[in-house]
Amino acid sequence: MAKELNAERITQLLSEQIVGRIGCHADGVTYIVPVTYVYDGEFIYAHSKEGMKTTIMNKNPDVCFQVDEILNLATWWSVVIWGRFEEIHGDEREKAIKLLIEKIMTLLEERRSLPAHGAIEHAQAAAVREAIWYRIRIINKTGRYEIN
């Protein structure tokens, strides 16, 4: 049976993971996609090319964000965030880029034996710098887990 995560474990899970799923909805269309992100203790930062996700979030900035760690069907942790999409520019954008690159590099150092999957190239790619950068202003967050 699933139990509730405490605030400390919610923060830990958000800080440890790098891929989450963002859900958005506008004009009768609901859209959910995985995104690479970084959490700074206050906001979720991510980036995207212009497309369906950014179009929907610009129409309706209310979003849902989900992160999980799944060991098996009976042992998992999950966090759900409700928040507001905010496109960022200038210093805030540069902060987000720096945080994401630092996060990727830290993960690579911690997991040396695992394949990098192009993470360094991703972080340095011109497309990342040219992307639309945004943050999710967190309104509410909750977490659940099950360990068997």
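The values are calculated or read from the model by the stated rules, or taken from the named source; none is laboratory data. Predicted model only: the values in this text are computed from it and were never measured. All Cβ positions, glycine included, derive from the backbone under ideal geometry; neighbour counts span all protein chains shown.
Quick notes on this one:
- T55 falls short on exactly one of the conditions (1) more than 21 Å from Q12 (Cβ to Cβ); (2) modelled with pLDDT under 90; (3) surrounded by 14 or more Cβ atoms within 10 Å (Cβ to Cβ), and that condition is (2).
- Hey, T75 in contact with a Cys (Cβ under 8 Å, 6 or more places away or on another chain) and surrounded by fewer than 18 Cβ atoms within 10 Å (Cβ to Cβ) or not: no
- Check on I22, β-branched (V, I, T) and in contact (Cβ under 8 Å) with a residue 40 or more places away in the chain: yes
- Residue check for E92: out of contact with any strand residue (DSSP E or B) (no Cβ under 9 Å at 6 or more places or on another chain), assigned to a helix (DSSP H, G or I) and not hydroxyl-bearing (S, T, Y): no
- Residue match in the range 58-79 (condition: part of a helix (DSSP H, G or I) and modelled with pLDDT of 95 or more): yes
- Residue count, the range 31-46 (criterion: touching a residue at least 24 places away in the same chain (Cβ under 8 Å) and either assigned to a strand (DSSP E or B) or on the phi < 0 side of the Ramachandran plot (or both)): 11
- Residues (at pLDDT 95 or above, out of contact with any Phe, Trp or Tyr (no Cβ under 8 Å at 6 or more places or on another chain) and closer than 20 Å to E130 by Cβ) located in the range 14-50: V33, V35
- For the range 15-30, a residue qualifies if it is touching a helix residue (DSSP H, G or I) at 6+ places or on another chain (Cβ under 9 Å), assigned to a strand (DSSP E or B) and loosely packed, with under 15 Cβ neighbours inside 10 Å, and the qualifying residues are V29, T30.
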